[in-house]
Amino acid sequence: MSSSAVVAQGVSKRFGAAAALRNVDLNLNNGELLLLAGANGAGKTTLLRLFAGLSRPSQGTVLLAGTNPVGSDRRGVGFVSHQSLLYDELTVVENLTFFARLYGVPRAHERIDAMLEWVELGDRRHQRTGTLSRGLKQRLSLARSVLHEPSILLLDEPFASLDRRGIRLITRYLKSLDGVRTKPTAIIVSHEIEPTADVINRVVILRRGRISLDRAWNGGSGVELQKLCDHFSEAETG
Amino acid sequence: MNYVGQTITILRKDLSLEWRSKERITPMVLFVLLILLVFNFSFELGGAVLSEIGPGVLWSAFIFAGLLSLHRTFASERQNETLDALLLAPIDRSALYLSKMLSNFVFLLAVQLFSLPPFCFFFNLSPEPPLLLLLPVLVLGAACLAAVGTLFAAMSIHSRLREQFLPLLVLPMMVPALISCIGGTAEVFDQTQRFAIGDQVEIFSDGLVTHLQMLGTYAMVFNALALMLFEYIVEE
Amino acid sequence: MRRHLNVLVESGLAVLMIAALFAVFVYVPSEREMGVVQRIFYFHVSSAIAAFVGFAMVFVASIQYLRTRRENWDCLALAAAELGVVFSLIVLISGPIWAKPIWGVFWRWEPRLTSMLIAFTIYVAYLIVRSYTTGSPDRTRRFAAVIGVVAFVNVPLVYYSVNLWSADQQLHPREVELAPAMVQTRYLAFAAIIALFFYLLKRRYELEKLARNVERLDADLPLH
């Protein structure tokens, strides 16, 4: 069990009478990079948010590194969403400083500098975040989420409205995790399948709240992966 | 980072943001003055009438202005979903409440202090020394409103009623505090006017002390409740 | 078997209420000073107690819901809150009916009535919040539970401070020596009202559970 980074056991989530997830079982090991695919409304974001500890399952158990993500030490989680989760009125460096403090990042100053260099925002450090373009904001958001070197990365539509450079930044980062000793575990929810093809090593597809496919992915073309996802997510107009 | 450090970090962030935009305190102060203006057309508040309805008018203005602003406590965190960011961080939910409550406390106190001089000016309340006794009343009153207001503000963002939600809940709940805010203020005004005409003045009259005790108790009780219950509100 | 039990309970309750009505309107003599209208006092006071019991139950059920997340507690809280509001309304209406002939005015801002009025508005707000919260029902219930806890803790504070504010206006009649017939009537009326309260509570609780199960059936979900 201790090697399981992320666990969902018999997880169901209801919003009123509507069931977003039905009896989902998922077991992610340390270092796995998972693509969570499916049609709109299949339950991908819901499941991700359960893992993030932002919500509780209606039934079942969710474990993150062996503990309940709600109310536990969430130090180990990095979350990237299509929303920036940044304060528009703060400058780039102020945003990172704020989150560095909140997460208790050691030697914050150096870490922030390193992050800014990595996402190529160093020359904009004193720019108000609200004035950044969508793509730049997303890059900053990525920096924010890995500031504290999390062991678990959750990405919800990270590629949304990103230019190719931005997409490459993220995929390059994820690939670079390969050589790292304590490789983080990651779950990517994405509609854009192709960029993830040579990054992930497992794919899970949700269909109307249930898992319709769960298998390893040992590399392959983006087109293949897209076809696979299309087949198993089988949108309503099947 | 420890609990206190995290609370302070968030508090500083909110205070810095407000310092830059001044988008909460400025409208609040203006609103207080406008309410006072409107009240003036109902009753002329100078002179003897002041001690009778002045306190009530003043606190009505503070509360209504405060309620409009309190909704922003968490509504402002909905932009870019920064509330999620705060909930994801490894901080105690109660620390989030505490920091928000403290920032609201600061804003409310600031509004009170800015509104007081115009109030004295328009309603001919001479700023004699006993008026300083108003400070504890203002501070404790702000603390009570901040406690109740912050707790319910976290709910107001999830209500179809939106801005209408807070007054509905806060006003009846605040009655005990309101009574003592008004009572305490009345005592202070009374002493101030007595001083002005050279009468005997009692610094901490029984009445004032009772009201301050009530406010202190209320603030403690509500903060304690909020610290315990806050996590149930912010959970998804 | 269950149906027989229900009939038995309902009949018993009916008998109790009729007995109470008889006692209040026929049996007990009119009060010397206040006359006929004083009879309202037997129901007025009992209703106040019933309302308070309702609010206390909201408090307990709310805490339990937050602790266990078992929906039954939430159903109980809702039922108790509704009844608390209804019985407060009875108090707030019967009070003025009594007051007009006795005090000469419909309403006086005196401690007990004012406290009751404030409690009434708080729990009405509780019910309103339940209807207007967005998101899942779980959130509505959590919010309601939080309000349920805070509201009840606030009640003694309200009572104390309203007393502080208008102690001089205390116009409720003091406890005076009551004739034996009056004491009996008082207990009988109290028993009737409380029995009515619990009976309605049970029915409302069951109704709520039933309604939620119907919703679940509609959505193909497991029943509770």
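The values are calculated or read from the model by the stated rules, or taken from the named source; none is laboratory data. The structure displayed is predicted, hence computed values, not measured ones. Every residue, glycine as well, gets a Cβ built from its backbone with ideal geometry; the counts of neighbours run over all protein chains shown. Side chains are part of the model used for accessible areas, which takes the heavy atoms of the whole protein and leaves out ligands, DNA and RNA. Shrake-Rupley method; radii C 1.70, N 1.55, O 1.52, S 1.80 Å.
Tabulated data for the structure shown
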| item | result |
| --- | --- |
| For residue A:103, solvent-accessible area (1.4 Å; no DNA, RNA or ligand), Å² | 20 |
| Total accessible area lost when B and C pair, probe 1.4 Å, Å² to nearest 100 | 2700 |
| Carbon + sulfur, % of accessible area of the protein assembly as shown - ligands and nucleic acids excluded, 1.4 Å | 60 |
| Spin-label pair residue A:198/residue A:25, simplified geometry with 7 Å Cα→Cβ offset, distance in nm | 3.6 |
| Between 0 and 90°, nearest 10: helix B:93-122 axis offset from chain B longest Cα axis | 30 |
| Calculated FRET efficiency for the pair residue C:86/residue C:109, C-beta based, R₀ 25 Å, to 0.05 | 0.60 |
| With DNA, RNA and ligands ignored, accessible area of residue B:190 (1.4 Å probe; Å², nearest 10) | 60 |
| Backbone HN-Hα couplings from phi across the range B:125-133 [Karplus 6.51/-1.76/1.60, Hz, Gly and Pro as x] | 9, 5, x, 7, x, x, 4, 4, 4 |
| Chain-alone versus full-assembly comparison, the range A:37-59, residues with accessible loss of at least 40 Å² (1.4 Å probe) | A:49, A:54, A:56 |
| For the range B:3-235, accessible area per residue (1.4 Å probe, heavy atoms of protein chains only), Å² | 39 |
| Label-point separation, residue C:6 to residue C:218 (7 Å along Cα→Cβ), nm | 2.3 |
| Packing-based order for A:218-229, B:127-138, using average beta carbon neighbours within 10 Å, highest first | B:127-138, A:218-229 |
| Fluctuation leader among C:181, C:119, C:191 - chain C, Gaussian network, Cα springs under 10 angstrom | C:181 |
| Cα-based radius of gyration of the protein assembly as shown once divided by 2.2 N^0.38 Å, which approximates compact folds | 1.15 |
| Mean residue ellipticity (222 nm) of chain C, computed from DSSP H runs ≥ 4 via -39,500 (n - 2.57), nearest 500 | -28000 deg cm²/dmol |
| Positive-end residue, the range B:3-235 charge dipole about Cα centroid, Cβ charges, pick of B:180, B:220, B:204 | B:220 |
| Computed [θ] at 222 nm, helices only, for chain A once each DSSP H run of length n ≥ 4 contributes -39500 (n - 2.57) | -9000 deg cm²/dmol |
| Gain on full stretching of the segment that runs from residue A:133 to residue A:117 - 0.36 nm per residue minus C-alpha separation | 4.0 nm |
| Total accessible area lost when B and A pair, probe 1.4 Å, Å² to nearest 100 | 2600 |
| Cβ-placed point charges (K, R +1; D, E -1), dipole of the range B:3-235 about Cα centre in debye, nearest 20 | 680 |
| Only Lys, Arg (+1) and Asp, Glu (-1) charged, at Cβ; chain C dipole about Cα centre in debye | 380 |
| Estimated FRET transfer efficiency (residue B:53, residue B:195; beta-carbon r; R0 22 Å; 0.05) | 0.60 |
| Protein-protein interface of the range C:136-154, residues with accessible area decrease of at least 10 Å², isolated chain reference, 1.4 Å probe | C:136, C:137, C:138, C:139, C:142, C:143, C:146, C:147, C:149, C:150, C:153, C:154 |
| Violating pairs (Cα-Cα greater than 28 angstrom) within the set A:13/C:202; A:175/A:227; A:137/B:22; A:13/B:13; A:44/C:209 | A:13/C:202; A:13/B:13; A:44/C:209 |
| Surface accessible to a 1.4 Å probe, residue A:191 within the full protein complex, Å² | 90 |
| Heavy-atom accessible area, 1.4 Å probe, ligands and nucleic acids excluded: residues of the range C:59-77 down by at least 30 Å² from chain alone | C:66, C:69 |
| Size of electric dipole in the protein assembly as shown: Cβ of Lys, Arg +1 and of Asp, Glu -1, about Cα centre, debye, nearest 20 | 1700 |
| Gain in span if fully extended, residue C:97 to residue C:68, counting 0.36 nm per residue against the direct Cα distance | 6.1 nm |
| Computed E for residue C:21/residue B:205 - FRET, C-beta separation, R0 51 angstrom, nearest 0.05 | 0.50 |
| Zone of residue A:234's modelled label, taken as backbone nitrogen in the range A:167-211 under 18 Å from a point 7 Å along Cα→Cβ | A:204-211 |
| Part-to-part distance (alpha-carbon centres) for the range A:156-218 and the range A:76-145, which is given in Å | 21 |
| Histogram of C-alpha separations across the range C:1-146, 5 Å bin width, % | 2, 9, 14, 15, 15, 14, 13, 9, 6, 3, 1, 0 |
| Simple spin-label estimate for residue B:162 and residue A:191 in nanometres, 7 Å along Cα-Cβ | 2.6 |
